[in-house]
Amino acid sequence: MKSPVALVTGAGSGIGKAAALALAEHGYKIGVLGHTQREITAVVAEIVAGGGEALSLLADISDERQMNAGIKHLVRQFGRLDVVVANAGINGVWAPIDDLKLSEWNETISVNLTGTFLTIRSAVPELKRSGGGSIVVVSSINGTRTFTTPGATAYTATKAGQVAMVQQLALELARHHIRINAVCPGEIDTNIESNTSLRNEKQTAIPVIWPEGQVPITGGRPGRSEDVADVIVFLASDKSRHITGSPLWVDGGQGLLR
């Protein structure tokens with residue numbers, strides 16, 4: 001049997017990078033998609049150095065033409081597509097609703113929600129041609145389990161929207177033997193904060209004193225990207241063959257505190 005092929009978006013760092021490396025270790029050929037050439041080239045080099053196969057795909061997930069071209073390039077290179085990890089996203093601007101600019105709202109929606117839509121829409125025809133497959137959308141506990149992040153209206157709307165998309169598509173795609181699920185991480189040690197702009201936090205913060213440490217299972221420490229990547233590998237594999245339309249919270253219990 002030919003090696004399965006996986007596309008990972010936002011694969012240059014954080015959860016996306018960890019997922020790409022973990023899938024490569026399990027025998028997948030990887031399409032490493034991101035918007036920073038230096039980062040995705042480094043991830044490809046790491047996979048190749050470990051004996052795997054990978055292809056760098058420079059694309060903006062919110063750009064229809066670039067996403068279509070990237071997936072076509074991947075399929076030309078490796079012949080098929082079996083798994084899609086729709087991970088790319090930004091935190092965007094967190095601000096009071098009456099201070100949140102339309103342009104800031106639109107940017108978060110464009111990357112997180114439209115980008116997820118374009119990733120899935122571009123990939124589904126190839127998954128059908130492969131006879132089925134698995135899609136994993138990286139959402140968040142924000143907007144699905146917790147709603148206490150100050151000013152994160154746009155962000156939580158996109159994360160809730162991603163889970164709704166997963167549940168809607170689970171039934172639509174089942175007849176094509178395509179499963180689709182969401183992982184919803186809590187606090188993870190990544191660099192997504194570099195895509196965050198927090199404004200007027202005191203106007204939206206909830207006046208609550210949280211228990212000592214946000215992540216009970218780790219004694220308060222953030223989770224690791226690898227913790228999420230291991231769940232993604234499971235959802236990509238046949239070991240999760242009877243799971244579709246499900247959000248899995250990977251937060252060490254954090255969402256139950258907040």
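The values are calculated or read from the model by the stated rules, or taken from the named source; none is laboratory data. Every value quoted in this text rests on a predicted model; they were computed, and no experiment measured them. Don't worry about glycine lacking a Cβ; one is built from the backbone with ideal geometry, like all the others, and counts go over all protein chains shown.
Here is a yes/no grid of residues against (1) of a type in the set (Ser, Thr, Tyr); (2) buried (at least 24 other Cβ atoms within 10 Å of the Cβ); (3) at pLDDT below 95:
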| site | (1), (2), (3) |
| --- | --- |
| VAL5 | no, yes, no |
| ILE15 | no, yes, no |
| ILE40 | no, yes, no |
| GLU46 | no, no, no |
| LEU74 | no, yes, no |
| GLY79 | no, no, no |
| ASP82 | no, no, no |
| GLY89 | no, yes, no |
| THR119 | yes, yes, no |
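When the range 34-57 is filtered for residues that are part of a loop (DSSP other than H, G, I, E, B) and either at negative phi or hydroxyl-bearing (Ser, Thr, Tyr) (or both), the ones remaining, listed by number, are HIS35, THR36, GLY50, GLY52, GLU53. Scanning the range 128-150 turns up no residue that is at pLDDT 95 or above, touching a Phe, Trp or Tyr at 6+ places or on another chain (Cβ under 8 Å), within 21 Å of ALA6 (Cα to Cα) and surrounded by 19 or more Cβ atoms within 10 Å (Cβ to Cβ).
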